[in-house]
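Participant: The structure follows.
The values are calculated or read from the model by the stated rules, or taken from the named source; none is laboratory data. In this text, all values refer to a predicted model and were calculated from it rather than measured experimentally. All Cβ positions, even for glycine, are placed from backbone atoms using ideal geometry, and neighbour counts span all protein chains on display. When the accessible area is computed, the model is the full protein with side chains, heavy atoms only, and any ligands, DNA or RNA have been set aside. Shrake-Rupley method; radii C 1.70, N 1.55, O 1.52, S 1.80 Å.
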Amino acid sequence: MKIEELQKNYQRERQRLEEQEDELHRWKKQGFELIEQAEQRLRHGLDRFALDQEPLKRARRSYSGLQEHYQQALQAEQRKLHREQDELEHAYRQGIRKITTEKNGYE
């Protein structure tokens, strides 16, 4: 494999991983917005019916647990992406080293 091919493959994979990370950030933002909207709808409904705030407190605890679980899942996915990026970097450096060593060995 030539250095140009290795660089092209590396850049393509790097772009793919960066797009996945961007997508993860969009999901994170969207998920927290949805949780906030649900809490606001519940608060509005309780206020409208003049009910006590205990259901809202329970819902907030529930939303908090969901939010924490969602955040943990996103963090796990982000760690996975970072690990893939590190592996890609490592493979790229190894490939460059191998090509350079072979090239120098033949000259």
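Participant: Between the helical axis of 54-106 and the dominant principal axis of the chain, each derived from Cα atoms, what acute angle in degrees is found, rounded to the nearest 10?
Facilitator: In the chain, helix 54-106 runs at an angle near 0 degrees to the longest axis.
Participant: Quick one: helix 3-48 against the long Cα principal axis of the chain, what's the angle to the nearest 10°, folded into 0 to 90?
Facilitator: With both axes taken from Cα atoms, the answer is about 0 degrees.
Participant: Follow-up. Restricting everything to alpha-carbon atoms, can you work out Rg to Rh for the stretch 31-71 with a Kirkwood hydrodynamic radius? Write out the running numbers ahead of the final one.
Facilitator: Working: Rg = 10.6 Å, Rh = 10.5 Å.
So for the stretch 31-71, dividing Rg by the Kirkwood Rh gives 1.01.
Participant: Now a separate question. Return, for the Cα atoms of the chain, the radius of gyration and Dmax in Å, separated by a comma.
Facilitator: My reading of the Cα-based Rg and Dmax gives 24.0, 85 Å.
Participant: Name the aspartates and glutamates eligible as straight-distance cross-link partners of LYS103: C-alpha to C-alpha under 20 Å, and not fewer than 8 places from it in the same chain.
Facilitator: By straight Cα distance, LYS103 reaches GLU4, GLU5.
Participant: Measuring with a 1.4 Å probe in the full set of protein chains, what accessible area per residue, in whole Å², belongs to the chain?
Facilitator: On the way: 8470 Å² over 107 residues.
That works out to 79 Å² for each residue.
Participant: What does the charge add up to near LYS57, with Lys and Arg as +1, Asp and Glu as -1, over the other residues with Cβ less than 13 Å from its Cβ?
Facilitator: Values: positive: ARG43, ARG58, ARG60, ARG61; negative: GLU39, ASP52, GLU54.
Net charge in that neighbourhood comes out at +1.
Participant: How big, on average over all directions, is the shadow cast by the Cα convex hull of the stretch 56-107, in nm²? Please list the in-between numbers first.
Facilitator: Working: hull surface 12.3 nm².
Mean orientational projected area (the stretch 56-107, Cα hull): 3.1 nm².
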